1. Would you please name the residue that is nearest to A:LEU61 (Cα to Cα), looking only at residues in region A:87-98 that are aromatic (Phe, Trp, Tyr) and part of a helix (DSSP H, G or I)?
2. State which residue is modelled with the lowest pLDDT when the search covers only region B:179-196 and only residues that are buried (at least 20 other Cβ atoms within 10 Å of the Cβ) and either touching a Gly at 6+ places or on another chain (Cβ under 8 Å) or part of a loop (DSSP other than H, G, I, E, B) (or both).
3. Here are the criteria: (1) more than 11 Å from every other protein chain (Cβ to nearest Cβ); (2) within 18 Å of B:ASN132 (Cβ to Cβ). Tell me which single one A:LEU149 does not satisfy.
4. Which numbered condition in (1) without any contact (Cβ under 8 Å) to a residue 40 or more places away in the chain; (2) surrounded by fewer than 14 Cβ atoms within 10 Å (Cβ to Cβ); (3) under 30 Å from A:LEU20 (Cα atoms) is the only one that B:LYS98 fails?
5. Among the residues in region A:41-58, are any more than 14 Å from the chain's Cα centre (by Cα) and closer than 19 Å to B:THR170 by Cβ?
6. Which ranges mark the helices (runs of 4 or more DSSP H) fully within region B:1-107 that have 1 or more residues being facing another protein chain (nearest Cβ under 9 Å)?
7. May I ask you to list the residues in region B:113-148 that are among the basic types (Lys, Arg) and either part of a loop (DSSP other than H, G, I, E, B) or touching a Pro at 6+ places or on another chain (Cβ under 9 Å) (or both)?
8. For region A:69-86, name all the residues that are of a type outside the set (Asp, Glu) and not in a helix (DSSP H, G or I).
Amino acid sequence: MKKILLPFLIYLAFISESSLVQAFLPQDASMDWQIIPRFSMVMILFIAMYLNTTYGLLYGLGFGLLTDLLYTDIIGVYLFSMAATAYITSVFSRYLFGNLIVTIFLSIIGVSILEFFVYGLNSLIGISNQSIDLFLYKRLLPTLILNGLFAILIYYPYVKYLNRIKETIKEN
Amino acid sequence: MPHFFSNKRLIILLVSIIILVALIGFSMKKRENLTLPEQFLKDSAGLAQTIFYKPANTIAGFFENLSEMKQLYKENQLLKARLDEYAKLYVQYEAVKKTNDTLKAQLDKEEDLNDYKVREATVIGRSPDQWNKFIYINKGEKDGIKPNMAVISPQGFIGKITNVSLFQSTVQLISDNDRTNRFSAIVQGEQNIFGTIEGYDPKRQALMFKKIKVDAKIKKGQKVITSGLGDVFPPNLLIGEVIDTEPDEVGLTQTAYLKPSANLYDLDHVMVLEREMPGVDESLKEKEEE
């Protein structure tokens with residue numbers, strides 16, 4: 001029963017990304033910070049860190065596909081990037097002790113890996129024509145700050161919830 | 001990290017990269033219609049977005065109002081001054097419209113390429129990664145919206161409908177860098193200068209207006225409008241104004257940079273236009289049938 005709520009929560013975060021960008025983040029062309037909410041990715045990274053690699057991979061694949069279908073024109077970019085990011089992060093987390101600082105650090109690393117993957121693939125296809133310095137200053141930095149804040153905000157309730165799920169998995 | 005690249009994992013990685021390339025290749029070709037599961041996903045997400053969007057927009061609107069209040073007085077003064085000008089223009093417009101109507105009546109010409117049907121729509125979401133410049137509107141197939149219709153905001157042309165599901169549809173903004181996102185446009189002036197809008201330059205923050213003849217003389221501040229020659233969009237929709245020109249890399253054509261007239265970042269309500277004149281293809285088909 002507890003497990004059913006998890007995909008629903010991530011779906012909510014996933015939908016809110018689009019509404020947030022539309023309602024709050026619209027910028028004037030003159031102030032061209034690009035702040036991208038990656039809330040669903042952060043939540044999947046927590047799963048990869050606190051549950052296990054398989055769950056992280058599956059959620060990454062699922063929500064990657066959903067992102068591709070709903071928010072982009074091309075299938076495959078997010079499918080690959082989100083699953084790979086979840087996998088890499090869960091491998092890292094095996095070597096680091098899970099507390100607040102490490103978790104925030106790893107989610108920031110994860111989001112930047114995702115951003116780099118997506119930037120690279122999109123440049124390859126020709127969808128993005130932003131230069132690397134613009135990408136680093138105007139996009140990556142503010143994005144990491146926003147998602148780091150989000151990770152801090154959800155840390156205590158979400159990790160508590162994940163630990164409870166972990167117990168039910170162990171019992172079965 | 002000894003376990004990171006064991007043989008089995010390396011093979012899985014390679015296979016997944018091959019699948020990735022295949023998927024991208026498959027989805028890059030132009031698809032007109034969505035498959036049923038895609039439509040279902042889009043509709044359900046659209047529904048959730050509509051629920052989310054209203055409270056989010058109210059809060060965002062509150063902050064916006066606060067910052068706008070400071071400028072209200074100044075703006076009011078300016079608008080009052082403009083009002084007299086408007087009255088004068090309106091009288092002129094009426095007169096011109098009347099002559100136009102009588103002339104058209106003399107020619108027995110009822111339908112015009114310029115005629116279009118307008119549908120209002122609300123923006124419920126936006127593609128969160130800002131590589132893809134899509135917005136989502138709350139009107140879909142059941143409201144009669146079809147792919148390739150032009151979408152405008154009150155300030156000007158913003159893009160076209162790319163795909164439609166039952167209750168919502170996706171608008172590709174004019175600033176999207178997709179290969180298939182091309183618009184035929186003209187620079188307004190004594191002589192019309194033709195070219196195509198091909199994406200957005202993030203460094204200059206301007207639309208790229210390419211394939212203009214190299215000897216065409218374009219001044220800063222000239223207006224650029226849709227040409228209507230592609231038989232898809234209505235003509236005379238304002239796109240933007242020229243801020244800079246520059247010869248192409250090879251020197252055979254030149255590129256103009258346009259400041260879009262509509263603010264592409266701040267869109268709430270948009271209008272979808274449907275051309276009323278039947279397209280060339282349909283009229284040809286009818287002739288063949290005869």
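1. Taking the candidates together, the pick is A:TYR87.
2. My answer is B:ASN181.
3. Looking at each condition in turn, A:LEU149 falls short on (2).
4. (3)
5. Checked against the condition, which is being more than 14 Å from the chain's Cα centre (by Cα) and closer than 19 Å to B:THR170 by Cβ, region A:41-58 yields no hits at all.
6. B:7-28, B:36-69
7. Taking region B:113-148 as the starting set, the residues that turn out to be among the basic types (Lys, Arg) are B:117, B:119, B:126, B:133, B:139, B:142, B:146.
Those that are among the basic types (Lys, Arg) and either part of a loop (DSSP other than H, G, I, E, B) or touching a Pro at 6+ places or on another chain (Cβ under 9 Å) (or both): B:ARG126, B:LYS133, B:LYS139, B:LYS146.
8. So in region A:69-86, the residues of a type outside the set (Asp, Glu) come out as A:69-72, A:74-86.
Answer for region A:69-86, where residues must be of a type outside the set (Asp, Glu) and not in a helix (DSSP H, G or I): A:THR72, A:ILE74, A:ILE75, A:GLY76.
The values are calculated or read from the model by the stated rules, or taken from the named source; none is laboratory data. This one's a predicted model, so the numbers in the text were calculated from it and none came from an experiment. Note that we place each Cβ from the backbone using ideal geometry, even for glycine, and neighbour counts take in every protein chain shown.
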